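Step one of this worksheet: look at the structure below.
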Amino acid sequence: MTKNQSSLVTCVESGLLKVWKEGSPDNVEINVGRDVCKMRQNPAKREYMATGGKENDLKIWDLQRPEIPIFKAKNVRNDWLDLRVPVWVRDMQFIPDSDRIVTCTGYHQVRVYDPSSPQRRPVLEATFEEYPLTAVSLTSDANYVVVGNTHGQIAVIDLRKGKLVKCFKGFAGSIRSIQCHSSLPLVASCGLDRFLRIHNIDDKSLQHKVYLKSRLNCLLFTSRENWEKEDIVISADCAEEIKEEDDEIWDTMKTVVDKNKTKRKTEHQKTETTIKKKLKKIKQN
């Protein structure tokens, strides 16, 4: 899910991309193909959306002209056995200050496409290990990309040469999300081992490691500096509003009387009264 101006954009695995317009019942629906694994918005041109999945190669859509994709990737040539190469796009990201886009696949490939060129096949391809890649993120200078796979391995790849630069260690379990800082040489990652880790990209050192109890699927760096103080103020205001709403709800509710309980109480009182009368008669005699 992402936001485009005043509209929300959602995409589901079945291939239905939908633009929910605020205050309007006329929502735009686009069929982007089945088995979608990822949808990503272009930060520079927010009306551009990239989609891809299993046997559903990279497509770029213009929400202002949603009839057909403005770019549709073409599969690479057959392998050395003349067999078709399978397609499985797992994640993608637009490269800033260019029309290019980088993807990672479930067949351990990192590919760069250039929609501005007449070539629909990748202009650069690199591979990392032998396991499915699950997440990708560009560094702040956009010359390198950080990728992670299902075996808990994270690496940095040079997009100019298509070569492996370095690897990070200490992970256990599939990597589900990677996010590079926009200005600092830091990369955050999380996955099924329930840890949030922040590494320094330059020297590969581990800066922070936090156990977060549940299996993690996504993370983001915040651009707010004093977010902790802001959250405290917001939480206090929300708590006050919730308390006022609760008081209003309780004031408008009717008192419910349990008839069975009242009936049992009345019968108990009658029994006590009868016993007292009998005891009084016995004492008088």
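The values are calculated or read from the model by the stated rules, or taken from the named source; none is laboratory data. Quantities reported herein were computed from a predicted structural model and do not represent experimental measurements. Here the Cβ positions follow ideal geometry from the backbone for every residue, glycine too, while neighbour counts run over all protein chains shown. All accessible areas refer to the heavy atoms of the entire protein, side chains included, with ligands and DNA or RNA removed. Shrake-Rupley method; radii C 1.70, N 1.55, O 1.52, S 1.80 Å.
Going through the cross-link list Lys3/Lys59; Lys3/Lys38; Lys38/Lys213, which pairs have a Cα-Cα distance over 23 Å in this structure?
Correct reply: Lys38/Lys213.
Could you work out the Kirkwood radius for segment 113-236, taking every pair of different alpha carbons, averaging 1/r and inverting it, reported in Å?
15.8
Classify segment 57-166 as rounded, prolate or oblate, taking a ≥ b ≥ c as the square roots of the eigenvalues of its Cα gyration tensor: rounded when a/c is under 1.5, otherwise prolate if a/b is larger than b/c and oblate if not.
Oblate, because a/c is 1.5 or more while a/b does not exceed b/c.
Over the chain, with every protein chain in place, what whole percent of the accessible area is carbon and sulfur at 1.4 Å, could you tell me?
50
Students often check this: by mean Cβ neighbours within 10 Å, which of 137-147, 213-223, 14-24 ranks highest, and how do the rest follow?
137-147, 14-24, 213-223
If a/c stays under 1.5 just call it rounded; otherwise compare a/b with b/c (prolate if a/b is bigger, oblate if not). Do that for segment 83-139, with a ≥ b ≥ c from the square roots of the Cα gyration tensor eigenvalues.
Oblate.
How high is the relative contact order of the chain, given as a whole-number percent (alpha carbon pairs under 8 Å, six or more residues apart)?
The value is 7 percent.
Shape verdict for segment 3-108, please, from the Cα gyration tensor: rounded (a/c under 1.5), prolate (a/b greater than b/c) or oblate.
Here segment 3-108 falls in the prolate category.
Cut-off 10 angstrom, C-alpha nodes, Gaussian network model of the chain. Which of Ile178, Ile154, Ile275 fluctuates the most?
Ile275
Between Gln5 and Thr273, what length comes free when the chain is fully extended (0.36 nm per residue of separation minus the Cα-Cα distance, one decimal in nm)?
88.9 nm
Please list the non-local residues whose amide H lies under 5 Å from the amide H of Asn56, H modeled 1.01 Å from N, same-chain partners needing a gap of 5 or more.
The answer is Val89.
Among Glu55, Glu267, Glu29, which one moves the most in a GNM of the chain with springs linking Cα atoms closer than 10 Å?
Its mean-square fluctuation being the largest, the pick is Glu267.
What 222 nm value per residue comes from the helices of the chain, counting each DSSP H run with n ≥ 4 as -39,500 (n - 2.57) and dividing by all residues, nearest 500 deg cm²/dmol?
-6500 deg cm²/dmol
Determine how many Å³ per residue the convex hull of the Cα atoms of segment 22-62 encloses.
86
Can you tell me, using C-alpha contacts under 8 Å and at least 6 residues apart, the relative contact order of segment 146-212 as a whole percent?
For segment 146-212, the relative contact order is 21 percent.
How large is ³J(HN,Hα), in whole Hz, for each residue of segment 20-28 in order, when computed from phi with the Karplus curve 6.51 cos²θ - 1.76 cosθ + 1.60 and θ = phi - 60°, using x for Gly and Pro?
Result, ordered by residue: 8, 8, 5, x, 9, x, 8, 8, 8 Hz.
Calculated FRET efficiency, Arg194 and Ile70, Cβ-Cβ r, R0 30 Å, to nearest 0.05?
0.15
Spin-label point model (7 Å from Cα, Cβ direction): what's the Gln207 to His181 distance in nm?
The two pseudo-label positions are separated by 0.2 nm.
HN-Hα J couplings of segment 102-115 from phi, Karplus 6.51/-1.76/1.60, θ = phi - 60°, integer Hz, Gly and Pro as x?
Calculated HN-Hα couplings, in order: 10, 10, 10, 10, x, 10, 6, 10, 10, 10, 10, 10, 10, x Hz.
Grab every C-alpha pair in the chain, bin the distances at 5 angstrom width from 0 up to the longest one, and report whole percents.
It works out to 1, 5, 9, 12, 13, 12, 10, 8, 5, 3, 3, 3, 2, 2, 2, 2, 2, 2, 1, 1, 1, 0, 0, 0, in whole percents.
Before I look further, what does segment 40-149 give for accessible area per residue, probe 1.4 Å, in whole square angstrom?
Accessible surface, normalised per residue, equals 48 Å².
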